[in-house]
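> Okay, handing you the structure first.
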Protein chains: 2
Amino acid sequence: MHKHRMMTPGPTDVPSEVLLEGAKKQIHHRSVEFQRIYSEILDLLKIVFKTSRPVLPILSSGTGAMECCVANLTSLDTKPIVIEGGWFGKRWNDICCGYGLETETIQVDWGKSAEPELLEEKLIENPNCSAVFVQLCETSTGAVHPIQELQEICFKKGVLLVVDGISGVGAEKCETDEWNLDAVIAGSQKAFMNPPGLSYITLSNRAWNAVRNSKHTRFYFDLRKYLDGYEKKNHPFTPPTSLLHSQLAALKMISDEGIDNSVRRHSLLASATRAGVKALGLKLFAEHPANSVTSVWMPEGLDSSLFIKKLMAEEGVTIAGAQGPWKGKFFRIGHLGFVDSNDIILTLSAIERVLKKMGVVIELGAGITAAQNILVKKGEYK
Amino acid sequence: MHKHRMMTPGPTDVPSEVLLEGAKKQIHHRSVEFQRIYSEILDLLKIVFKTSRPVLPILSSGTGAMECCVANLTSLDTKPIVIEGGWFGKRWNDICCGYGLETETIQVDWGKSAEPELLEEKLIENPNCSAVFVQLCETSTGAVHPIQELQEICFKKGVLLVVDGISGVGAEKCETDEWNLDAVIAGSQKAFMNPPGLSYITLSNRAWNAVRNSKHTRFYFDLRKYLDGYEKKNHPFTPPTSLLHSQLAALKMISDEGIDNSVRRHSLLASATRAGVKALGLKLFAEHPANSVTSVWMPEGLDSSLFIKKLMAEEGVTIAGAQGPWKGKFFRIGHLGFVDSNDIILTLSAIERVLKKMGVVIELGAGITAAQNILVKKGEYK
């Protein structure tokens, strides 16, 4: 018998109390009761996004929210710049392509982060660019991009920076208002501690102007409809009431912890994870690693897919593999959402046991001890 | 204290067993376990849709599935015909408009059903039409359209018939394969006895050809991605795992009842509801009333919105009002999904009590007795 532990960078483990809220009796979405719940959710979302502006819930996966940004913030007579540092950077390009947009790509090696100077150059070369697309955390590599610096550059040029914060918001520092971020999106199954099904989006005033000017065909993803709904404390279409019930419960937990404390917790758990794997002689994949996911090179000659399978089968711990061209080369430990110190220790301990059994030369206990030293030194995160 | 009874035409009441399945521990959507569940869902959906072809789950409201049809099945050089017999017929037009399509509308009076001869004429007048959009059941009026006859006409002309079966599939007779229906969509919060959040879509081979030829911009709603996922027993994006868990439980219940039995049950409950309100001297709004919802004229001089509020406040029963220009004029009793004979009786009894208290001249007990006679005469529906 193994308990199943989900240490993936989304979907993530969801607290039972949150899941049970989602199992409540159905209510009608055009009722006063729904409006009350929806209104509370809209308020709490602002806390997590660190913004005073509307945060709009969309019934879609994160990709739907990404498409929302492309459909509402671009126009065919301009050339978006896409910062492509992994699988999800590539998705920005794929969506733009689906919308008939020709893009300029800043290719960032997997595991590396965007260099602000390069964006500055690209913007000079491409005066026809009105929007730059990037990830806060590139989930496929575990690298964070320097959003604040990128935004400053874009702001000066009058260009929108569109931030996919799906695996970042709530885990990484992301000061939407303070940094003047133009568009930030997130997903319920990440730091929001809810099952997958909802995505969230917030826009700056500059971005709302672009929405009004967009000529792309759109209906379900027309953000003006959601803004109109926001003002009436209602959703433009039939919303996923059960997922909203559970989201409210999870948002209350996040708000009780405090959003800055939540980011600190993620930062501490990420540090401990990194210290743990390094103490086992493993190497980190990302140069600027994220708070939400730690990517680790598989020891030479071994296949990370096999390692992940064993970790699941023998120890009940699910972590993620590498995608696309990197399949088998590295693995990714998620520490996102409903995760604490004990989860990090148990995960590292399972990794130690499985690596040892696979014949990797490691010192049993070294990883978890290194993590302990971080977890205890920094004190309790709350 | 009142128990809350949801007698709306969607969202509908969901069995507790189904809700609790949705509260299960999260699983990863790229796992063998998920594939097994997803595969089972894909099989069961075919039973409900009465088709041997793929039925594709989309994470969106019903409107998203409607947009899927417009985005994938139309082209700018053709002129779709929209049969607009109510609020949701109008939505077909709104979405087409959002896609820059000029449409030809067959306006059907609210409460009436489409006349096949009129479609035949319109198709002759508009040789440039390649798709006709219609509802199986126009939820806003409670009228059903004669889908089989409409499809025969379209088929002869080589034109696609796109059927919004959101409130119909599982409740109305809808023989997707036998009638050669080109596109049928449905929603989880209707006869599928699940919370809102998922929509479903199935296409004929002719329709799939149109998908391949469509030039509309689309990414999230690109049905080719879902078909590809179908073949791999996987979803193209992050699917709403909890809603799929609960949907599987509900689909098993529907399959245990048998889809034809489910339609018979809805038909019986609708007959009983109609007999009940007529015995109270009330008049039906729809000429060809649906199995899923019964629309009833409010007695002259009274506002149905007030009646609905009282029914909720005094008796705990939620029914729906009239939308748009008909607000206040009629009310709609939903009998869709997880509903049985006792629900019909309790609803009619609550209606009797509230009408009486509002001063309407009715004979207390007449409505429920008339319903009883139907429910007992036709025997048990299963």
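The values are calculated or read from the model by the stated rules, or taken from the named source; none is laboratory data. This one's a predicted model, so the numbers in the text were calculated from it and none came from an experiment. Using ideal geometry, Cβ is built from the backbone for each residue, glycine included, and neighbour counts are taken over all protein chains shown. Accessible surface areas use protein heavy atoms only, side chains included; no ligands, DNA or RNA. Shrake-Rupley method; radii C 1.70, N 1.55, O 1.52, S 1.80 Å.
> Can you give the alpha-carbon Rg of the stretch A:16-257 over 2.2 N^0.38 Å, where N counts its residues? Present the calculation step by step, with values, prior to reporting the outcome.
Numbers: Rg = 17.5 Å, N = 242, 2.2 N^0.38 = 17.7 Å.
In units of the globular-protein estimate, the stretch A:16-257 measures up at 0.99.
> Using only alpha carbon pairs under 8 Å that are at least six residues apart, calculate the relative contact order of the stretch A:301-379 and give it in whole percent. Provide the component values of the computation, followed by the final result.
On the way: 72 pairs, mean separation 18.8, N = 79.
Once normalised by length, the contact order is 24 percent.
> Dipole of the stretch A:16-257 (Lys/Arg Cβ +1, Asp/Glu Cβ -1, origin at the Cα centre): which of A:GLN26, A:MET253, A:LEU119 lies farthest to the positive side?
So the residue we want is A:GLN26.
> Using only atoms on other chains, find how many Cβ atoms lie within 10 Å of each Cβ of peptide A:17-25 and report the average. If you can, show how the numbers build up before the last one.
Numbers: counts 0, 1, 7, 4, 1, 8, 12, 4, 7.
That average works out to 5.
> Follow-up question, since we're still on this one. If amide hydrogens are placed 1.01 Å from N in the peptide plane, which non-local residues have theirs closer than 5 Å to the one on B:THR105?
Hits under the 5 Å cutoff: B:VAL82.
> Right, another one. What are the semi-axes of the equivalent ellipsoid for the stretch A:1-155, taken as the square roots of 5 times the Cα gyration tensor eigenvalues, largest first, in whole Å? Before the final figure, lay out each step's value.
Numbers: eigenvalues 233, 90, 44 Å².
Largest first, the stretch A:1-155 gives 34, 21, 15 Å.
> For the stretch A:173-309, what are the per-bin percents of Cα-Cα distances with bins 10 Å wide, up to the bin holding the maximum?
Bins of 10 Å from zero give 9, 27, 30, 21, 11, 2 percent of pairs.
> Give me the percent relative contact order of chain B, please, defined on Cα pairs under 8 angstrom at least 6 residues apart. Walk me through the intermediate numbers first.
Values: 796 pairs, mean separation 88.2, N = 382.
Contact order relative to length: 23 percent.
> Something else: Could you list which residues have their amide H under 5 Å from that of B:VAL293, counting only those 5 or more apart in sequence or on another chain, with H placed in the peptide plane?
Those lying under 5 Å, H to H, from B:VAL293 are B:HIS335.
> Now for a separate question. What fraction of the DSSP beta bridges in the protein assembly as shown is antiparallel, stated in percent and rounded to the nearest 5?
On the way: 42 of 76 bridges.
Within the protein assembly as shown, antiparallel bridges account for around 55 percent of the total.
> Sticking with this one: So what J values fall out for the stretch A:101-111 if you push phi through Karplus, 6.51 cos²θ - 1.76 cosθ + 1.60 with θ = phi - 60°, rounded to Hz, Gly and Pro as x?
Ordered by residue, 3J(HN,Hα) equals 8, 8, 10, 10, 10, 9, 7, 10, 4, 3, x Hz.
> Need one number: % antiparallel among DSSP beta bridges in chain B, to the nearest 5. Walk me through the numbers on the way to the answer.
Values: 21 of 38 bridges.
Antiparallel: roughly 55 percent of the beta bridges in chain B.
> Same structure again: Which single residue of chain B puts its beta carbon nearest to the axis of rotation relating B to A, and what distance, in whole Å, does that give?
Value returned for chain B: B:ALA23, 2.
> Ordering B:ARG5, B:ARG218 from largest to smallest accessible area (1.4 angstrom probe), what's the sequence? Walk me through the numbers on the way to the answer.
Values: B:ARG5 80, B:ARG218 15 Å².
Output order, biggest surface exposure first: B:ARG5, B:ARG218.
> Report the FRET efficiency, 1/(1 + (r/R0)^6), for A:ILE124 and A:THR78, where r is their Cβ-Cβ distance and R0 is 22 Å, rounded to 0.05. Let's see the in-between values first.
On the way: r = 16 Å, r/R0 = 0.71.
Approximately 0.90, to the nearest 0.05.
> Starting from the Cα coordinates of the stretch B:270-323, work out the convex hull volume and express it per residue in Å³. Mind showing how you got there, number by number?
On the way: hull volume 5.3 nm³, N = 54.
Enclosed volume per residue, from the Cα hull, is 99 Å³.
> While we're looking at this one, here's another question. Helix-only mean residue ellipticity at 222 nm, chain A, DSSP H runs n ≥ 4 weighted -39,500 (n - 2.57), per residue, nearest 500. What is it? Mind showing how you got there, number by number?
Numbers: 13 runs with 166 residues, N = 382.
Estimated from H runs of four or more residues: -13500 deg cm²/dmol.
> Can you give the FRET efficiency for A:GLU314 and B:ASN234, using 1/(1 + (r/R0)^6), R0 = 35 Å, r = Cβ-Cβ distance, to the nearest 0.05?
With a Förster radius of 35 Å, E is 0.90.
> Residue-wise, which Karplus ³J(HN,Hα) couplings in Hz belong to the stretch B:355-364, taking 6.51 cos²θ - 1.76 cosθ + 1.60, θ = phi - 60°, and x for glycine or proline?
4, 4, 5, 7, x, 6, 7, 9, 9, 4
> Accessible area per residue for the stretch B:16-257 in Å², computed with a 1.4 Å probe and the full protein assembly in place, what is it?
Numbers: 7800 Å² over 242 residues.
I get 32 Å² per residue for this part.
> Same structure, new question: Given a 1.4 angstrom probe, I'd like the percentage of the accessible area of chain A that is carbon and sulfur, rounded to a whole number. Walk me through the intermediate numbers first.
Working: 7080 of 13850 Å².
The nonpolar share, carbon plus sulfur, comes to 51 percent.
> Right, here's the next one. Mind giving me the nanometre distance, one decimal, between the label points for A:ASP260 and A:SER52, set 7 Å out from Cα along Cα→Cβ?
Roughly 1.8 nm, to one decimal.
> Would you mind telling me which residue in A:THR294, A:THR238, A:THR202 has the biggest mean-square fluctuation in a Gaussian network model of chain A, where springs connect alpha carbons within a distance under 10 angstrom?
Of A:THR294, A:THR238, A:THR202, the most mobile in the Gaussian network model is A:THR238.
> Next question. Please compute, over every Cα-Cα pair in the stretch A:107-192, the percentage with a separation greater than 22 angstrom.
Values: 823 of 3655 pairs.
Percentage above 22 Å: 23.
> Take peptide A:8-14, look around each residue's Cβ out to 10 angstrom, count Cβ atoms belonging to other protein chains, and average those counts.
4
> Considering only C-alpha atoms, what is the centroid distance from the stretch A:292-310 to the stretch B:2-73, in Å?
34 Å
> Within 10 Å of each candidate Cβ there may be at most 16 other Cβ atoms; applying that plus a DSSP loop requirement, which GluC sites (Glu not before Pro) in the stretch A:276-342 survive? Let's see the in-between values first.
On the way: sites: A:GLU287, A:GLU300, A:GLU314, A:GLU315; in loops: A:GLU287, A:GLU300.
When the GluC sites (Glu not before Pro) of the stretch A:276-342 are filtered for loop state and at most 16 Cβ neighbours within 10 Å, A:GLU287, A:GLU300 remain.
> For B:SER167, enumerate residues with amide H under 5 Å from its amide H, sequence gap 5+ or separate chain, H modeled in the peptide plane.
Those lying under 5 Å, H to H, from B:SER167 are B:CYS137.
> What does the charge add up to near B:GLY328, with Lys and Arg as +1, Asp and Glu as -1, over the other residues with Cβ less than 14 Å from its Cβ? Write out the running numbers ahead of the final one.
Details: positive: B:LYS309, B:LYS310, B:LYS327, B:LYS329, B:ARG332; negative: B:GLU300, B:ASP303.
With Lys, Arg at +1 and Asp, Glu at -1, the net is +3.
> Return, ordered by residue number, the residues of the stretch A:323-340 whose backbone nitrogen is under 19 Å from a label point located 7 Å along Cα→Cβ of A:GLN107.
Counting only backbone N, you get A:323-327.
> Using only the alpha-carbon atoms, what does the protein assembly as shown span along each of its principal axes? Please give whole angstrom values in decreasing order.
Principal extents (largest minus smallest coordinate, Cα): 82, 54, 46 Å.
> State to the nearest 20 debye the size of the charge dipole of chain A about its Cα centre, where the only charges are +1 on K and R beta carbons and -1 on D and E beta carbons. Mind dumping the intermediate values first?
Details: 43 positive and 43 negative charges, 177 e Å.
Rounded to the nearest 20 debye, it is 860 debye.
> What are the semi-axes of the equivalent ellipsoid of the stretch A:245-382, taken as the square roots of 5 times the eigenvalues of the Cα gyration tensor, listed largest first and rounded to whole Å?
Numbers: eigenvalues 141, 59, 36 Å².
Largest first, the stretch A:245-382 gives 27, 17, 13 Å.
> In nm to one decimal, list the spacings between the A:GLU33 label point and its equivalents in the other copies, with label points set 7 Å along Cα to Cβ, shortest first.
Between copies, matching label points for A:GLU33 lie 3.2 nm apart.
> Next question. Shortest first and in nm to one decimal, what separations exist between B:PRO146 and its copies in the other chains, measuring from label points 7 Å along the Cα-to-beta-carbon line?
Shortest to longest, the spacings are 7.1 nm.
> Between B:GLY158, B:GLY100, B:GLY359, where does the largest GNM mean-square fluctuation fall for chain B, given springs only between Cα atoms within less than 10 Å?
Taking springs between Cα atoms under 10 Å, the residue moving most is B:GLY359.
> What list of ³J(HN,Hα) values in whole Hz, one per residue of the stretch A:196-212 in order, does the Karplus curve 6.51 cos²θ - 1.76 cosθ + 1.60 (θ = phi - 60°) give from phi, with Gly and Pro shown as x?
So the J values, rounded to whole Hz, are x, x, 10, 10, 10, 8, 9, 10, 6, 4, 4, 5, 4, 4, 5, 4, 5.
> Next up: As I understand it, the value is the acute angle between the Cα axis of helix B:241-257 and the longest principal axis of the Cα atoms of chain B; what does it come to in degrees, rounded to 10?
Tilt relative to chain B: about 70 degrees.
> Next question. Compute the label-point distances linking A:LEU227 to its equivalents in the other copies; points lie 7 Å from Cα along Cα→Cβ; give nm, one decimal, shortest first.
3.7
> Per residue of A:314-322, what is the mean number of Cβ atoms on other protein chains within 10 angstrom of that residue's Cβ? If you can, show how the numbers build up before the last one.
Working: counts 0, 0, 0, 0, 5, 1, 2, 1, 0.
Across the residues of A:314-322, the mean count of other-chain Cβ atoms within 10 Å is 1.
> Find how many whole Å separate the alpha carbon centroid of the stretch A:179-237 from the alpha carbon centroid of the stretch B:216-257.
If you average the Cα positions of each part, the centres end up 23 Å apart.
> Also: What would the Debye formula give as log10 I(q)/I(0) at q = 0.12, 0.16, 0.21, 0.25 Å⁻¹ for the alpha-carbon point model of the stretch A:1-87, no solvent?
Log-scaled intensity ratios, in q order: -0.66, -1.04, -1.32, -1.39.
> I'd like the antiparallel share, as a percent to the nearest 5, of DSSP beta bridges with both residues in the stretch B:146-268.
Working: 5 of 9 bridges.
About 55 percent, rounded to the nearest 5.
> Right, here's the next one. Picking from B:CYS97, B:CYS68, B:CYS154, which is most flexible by a Gaussian network model of chain B using Cα springs under 10 Å?
Result for chain B, Cα springs under 10 Å: B:CYS97 fluctuates most.
> Sorted by average packing, counted as other Cβ atoms within 10 angstrom per residue and highest first, what order do B:160-167, B:54-61 take?
On the way: B:160-167: 29.4, B:54-61: 24.8.
Per-residue Cβ counts within 10 Å, averaged per peptide and sorted highest first, yield B:160-167, B:54-61.
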